[in-house]
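Report on the structure given below.
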Amino acid sequence: MKTFNVPVIYRSPLISAIKNQRKQEDRMKKDFTPTELDFGPIRILLARHFGFCYGVENAIEIAFKTVDENPGKRIFLLSEMIHNPHVNNDLLGRGVQFIMDTSGNQLVPWESLQHDDIVIIPAFGTTLETERQLALLGIEPLKYNTTCPFVERVWNKAEQIGKKNYTVIVHGKPKHEETRATFSHSQAGTPTVVVKDIKEAALLAEFINGQRKPDEFYDLFKGQYSPGFDAAADLQRVGVVNQTTMLATETQAIADYIRQVMMATFGLTEATVGERFADTRDTLCYATNDNQTAVTGMLLEPADLAIVVGGYNSSNTSHLVELCEEKLPTYFISSPEHILSGSAINHWDFHHKREISSNSFLPEKDRITILLTSGASCPDALVEGVIRRLLSFYGLEHKADELATID
Ligand code: SF4
């Protein structure tokens, strides 16, 4: 895979050494067991895959290069480039401004932009409406485009389904930038509706099988369907695509469920289901699959707790947390500084969207095992920071330097 020029502050010699060693031993990426870092009283099991993905490195390279090559110019990002506060703050520190917040609220009015301003499209991509808005202002919309190719692949899939007259069901978070962009691109070609989880998929199914009257649809799915959507006519032929960072098991469950509903409602068989249900595989990206499978592999090991590092508004990171929480006490932190001491930690409760404090998070045992991973927008330097911080509570920080020299 292509390598990118990412600022060295985001890299970690220690993590790079570990990742390179694993890569050499397992070039086909078949081994999802974690890497064991045994420091005696503390044992860290590091997920096989974690950290910056292709799309994030690509976006970082383009954004920082654009800043370097355009001194004196006003540079804007449509919204947060990726969901990591460290990277976003570094860009803000270099004078870049965000036009919208992550929910699409305007921070910089369109009227204040000028034709010679630079506007960078983030890794999530953007809506066709925003592209048109930029063009109206005389700004070439795709000149500084960091949209991840794996997101564009979802748009292409939606377009293909739409051309065959299937309505597109997008499994995604309705307010997430990527889902808003996918919705916009999909609805340009075919009726489109967003479902955020299996519960909403079940609700949608009640309109497919006629349990609910079509006119109830518009309130229940307010803000999640394309203009002119006809709940009676537009749910006769459907296909499912998804936000690239959803939970793989949930996406699969939704697609399987809707397929079953179509078969039962329209009396279809395995041979004829394609008449009304587009045959799509999920549109999760490789990084989501690798990172979630690596967490599943890591969770097979007995451990005392899990730590997941990443931005609190990062979708892919929250799904790693969700997987870990099923089995272990799990602490979702955005940086090593959130580990206050060997007993206290401030961490994010993503279910209730608030930071909470826990005491005695490290159990009092002669030897503890911690599972550690991070999201696709988290710099490896932060994961190294967490390892060093944990080691410092045992007077073992020097062990991290020894590890960094493995090759
Ligand atoms: S998580 Fe996947 S889709 Fe998103 S930027 Fe990374 S590679 Fe691209």
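FYI, it's all coordinate maths here, none of it is from the lab. Keep in mind it's a predicted model, so treat the numbers as computed, not measured. Cβ coordinates were reconstructed from backbone atoms using ideal geometry, including for glycine residues, and neighbour counts include every protein chain displayed.
Numerical summary
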read-out: The stretch 54-145, relative contact order in percent, only Cα pairs under 8 angstrom and at least six apart counted; value: 30 percent
read-out: Anisotropy class of the stretch 214-368 from Cα gyration tensor, a/c 1.5 cut; value: prolate
read-out: Helix-only [θ]222 nm of the chain, DSSP H runs n ≥ 4, -39500 (n - 2.57) each, per residue, nearest 500; value: -11500 deg cm²/dmol
read-out: Partner lysines for K65 [C-alpha distance under 27 Å; skip if fewer than 8 residues away on the same chain]; value: K2, K19, K73, K143
read-out: At R0 = 22 Å, FRET efficiency that the Cβ-Cβ distance of Q236 and N156 yields, to 0.05; value: 0.40
read-out: Q97-A271 FRET efficiency (beta carbon distance; Förster radius 56 Å; 0.05 resolution); value: 0.50
read-out: Sparsely packed trypsin sites (Lys or Arg not before Pro) within the stretch 168-228, loop by DSSP, other Cβ within 10 Å at most 10; value: K222
read-out: If the convex hull is drawn through the Cα atoms of the chain, its volume per residue in Å³; value: 156 Å³
read-out: Extension gain (nm, one decimal) between K29 and D349, 0.36 nm per residue minus Cα-Cα; value: 112.0 nm
read-out: All-pairs alpha carbon distance profile, the stretch 54-145, 5 Å steps from 0, percent; value: 3, 14, 28, 28, 19, 7, 1
read-out: Amide H contacts of S374 (H built 1.01 Å from N, under 5 Å, at least 5 apart or other chain); value: G51, V309
read-out: Eligible aspartates and glutamates near K157 by straight Cα distance, threshold 15 Å, same-chain separation 8 or greater; value: E178, D279, D282
read-out: Segments 254-266, 19-31 sorted - mean Cβ within 10 Å per residue, highest first; value: 254-266, 19-31
read-out: Residue-wise HN-Hα coupling along the stretch 148-158, computed from phi with Karplus coefficients 6.51, -1.76, 1.60 (Hz; x: Gly, Pro); value: 5, x, 6, 6, 4, 4, 5, 4, 5, 5, 4
read-out: Amide hydrogen neighbours beyond the local backbone of L77, cut-off 5 Å, H modeled; value: Q97, F98, I99, I120
read-out: Under the Karplus curve 6.51 cos²θ - 1.76 cosθ + 1.60, θ = phi - 60°, whole-Hz ³J(HN,Hα) for the stretch 215-224, x wherever Gly or Pro sits; value: 5, 6, 4, 5, 7, 5, 10, 3, x, 10
read-out: Modelled FRET efficiency - R0 35 Å, E337 with Y286, Cβ distances, 0.05 increments; value: 0.70
read-out: Burial ranking of peptide ranges 243-251, 162-170 (average Cβ count within 10 Å, highest at the top); value: 243-251, 162-170
read-out: Nonlocal amide H pairs with Y331, under 5 Å, H built at 1.01 Å; value: A306, I307, V308
read-out: Per-residue Cβ neighbour rank within 10 angstrom, fewest leading, T147, T35, T192; value: T35, T147, T192
read-out: Vicinal HN-Hα couplings computed from phi for the stretch 95-111 (Karplus, 6.51 cos²θ - 1.76 cosθ + 1.60; Hz; Gly/Pro x); value: x, 6, 10, 8, 7, 10, 7, 5, 8, x, 6, 6, 9, 10, x, 3, 4
read-out: Point-charge dipole on Cβ atoms (K/R +1, D/E -1) for the chain, about Cα centre, debye to 20; value: 440 debye
read-out: Anchor K213: lysines whose Cα lies under 27 Å away (excluding residues fewer than 8 positions away in-chain); value: K164, K173, K175, K196, K199, K222
